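Trainee: Take a look at the following structure, please.
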Amino acid sequence: MNRNKARAILVLGFLLLGFSIWGQTASVPYTFSAGSPARAADVNADFNTLVKALPGISVTNFMLPQTAIPAGTIATNISTIKMSAPSNGYVLVTLEGNGTTSSGVNLGISDISAPDMSSHPIDYASLANTTTVNTFYVSSFFPVSAGSNTFWAVAQGLSARASDVVCFCRMFVQFYPNTY
């Protein structure tokens, strides 16, 4: 069995384990049998079906075109992600990707829109002032109540002048209930 097929089966297994925790069932569009090749599009379709059916999981990919990010303590919203929590609990929100910046920028995650980072500190990853592509990763835990919850990807310029930034980002939320 090749590594990609094994990885896909492992991911699907973990997602199915998540369904058993919440007592839900889901049907996938494709079924695979031993010895037959698994097409990437079919495996991805199964994975996407399960992710959409699993409560408390949200994923968004976004491209941030060349954007001027001002310096200062107030962060600039660059994207949002919403998720529906099936109960009270916690979420792990992750922002990752790669990008370039003209004069340095912090990228982070917030549970409020455009936070003042001097009074509402957030975890962030820094992109250095460089023309080469940098990879970044940041994650934070937040308590949530049952129902709809929104989180923001934010940026803050690091120099006295606005920093131009271009990045491809992936932001995802994973829910963890208080009780099982």
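Trainee: List, in order, the whole-Hz ³J(HN,Hα) value for each residue of the stretch 100-107 obtained from phi through the Karplus relation with A = 6.51, B = -1.76, C = 1.60 and θ = phi - 60°; use x for Gly and Pro.
Mentor: With the stated coefficients, the stretch 100-107 comes to 10, 8, 7, 8, x, 8, 9, 10 Hz.
Trainee: I've got another one for you. Karplus couplings for the stretch 124-140 from phi (6.51 cos²θ - 1.76 cosθ + 1.60, θ = phi - 60°), rounded to Hz, Gly and Pro as x?
Mentor: 8, 10, 9, 9, 6, 6, 7, 8, 7, 6, 10, 9, 9, 7, 8, 9, 9
Trainee: Under 5 Å between amide H atoms, partner at least 5 residues away or on a different chain: which partners does Ser87 have, H built in plane at 1.01 Å?
Mentor: Residues meeting the criterion, in which the H sits 1.01 Å from N, are Gly147.
Trainee: Met171: net charge of surrounding residues, Cβ under 14 Å, Lys/Arg +1, Asp/Glu -1, itself excluded?
Mentor: Here the charged neighbours net out to -1.
Trainee: Moving to a separate point now. For the stretch 109-150, calculate the relative contact order in percent as a whole number, restricting contacts to Cα pairs under 8 Å that are 6 or more residues apart.
Mentor: Numbers: 21 pairs, mean separation 16.8, N = 42.
Relative CO of the stretch 109-150 lands at 40 percent.
Trainee: At q = 0.13, 0.14, 0.17 Å⁻¹, what log₁₀ I(q)/I(0) does a Debye calculation on the Cα points of the stretch 46-145 give, no solvent, two decimals?
Mentor: -0.55, -0.63, -0.88
Readers should treat all values here as calculations from the given coordinates under stated rules, not as data from a laboratory. Since the structure is predicted, the reported quantities are computational estimates derived from the model, not experimental observations. When we count neighbours, we look across all protein chains shown, and the Cβ atoms used for this are built from the backbone with ideal geometry, even at glycine.
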